[in-house]
Amino acid sequence: MNHIELKFSANLKNESFARVAVSSFASELDPTIDELIEIKTIISEGITNCIIHGYANKEDGIICIEMR
């Protein structure tokens, strides 16, 4: 089983990077275009919520995504 941990600063600029990284990892499963769009949306919303609500827009936090 493939496994990746992605850690980055809680900065809104990193949201697009995370979205692309997760969708690239998921592409190994041969998802449809609609599924990839949905994955990108879920990651985008999750990261934005972490930054805004979890870290109150402070950039000293770290966000970790683990993929298997």
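List of remarks:
- Annotation: amide H-H contacts under 5 Å for G61 (H modelled 1.01 Å from N, sequence separation of 5 or more, or interchain): A10.
- Mean residue ellipticity at 222 nm, helices only, the chain: -14000 deg cm²/dmol; runs of at least 4 DSSP H residues each add -39,500 (n - 2.57), and the sum is divided by the number of residues.
- Dimensions (Å) - the chain, Cα atoms, principal axes, largest first: 36, 24, 15
- Summary value for the chain: 60 percent relative contact order, contacts being C-alpha pairs under 8 angstrom separated by 6+ residues.
- Placing a label point 7 Å from the Cα of V20 along the Cα-to-Cβ line, the residues of the stretch 32-68 whose backbone N sits under 18 Å from it are 36-45, 47-48, 65.
- Per-residue SASA entry for R19, accessible area with 1.4 Å probe, Å² rounded to 10: 70 Å²
- Taking 0.36 nm per residue of sequence separation and removing the Cα-Cα distance, the S9/S44 pair yields an extension gain of 11.1 nm.
The values are calculated or read from the model by the stated rules, or taken from the named source; none is laboratory data. Because the structure is a prediction, the values reported are computed rather than measured. Ideal geometry is used to build each Cβ from the backbone, glycine not excepted, and the neighbour counts take in all protein chains shown. In case anyone asks, the SASA skips ligands and DNA or RNA and just uses the protein heavy atoms, side chains included. Shrake-Rupley method; radii C 1.70, N 1.55, O 1.52, S 1.80 Å.
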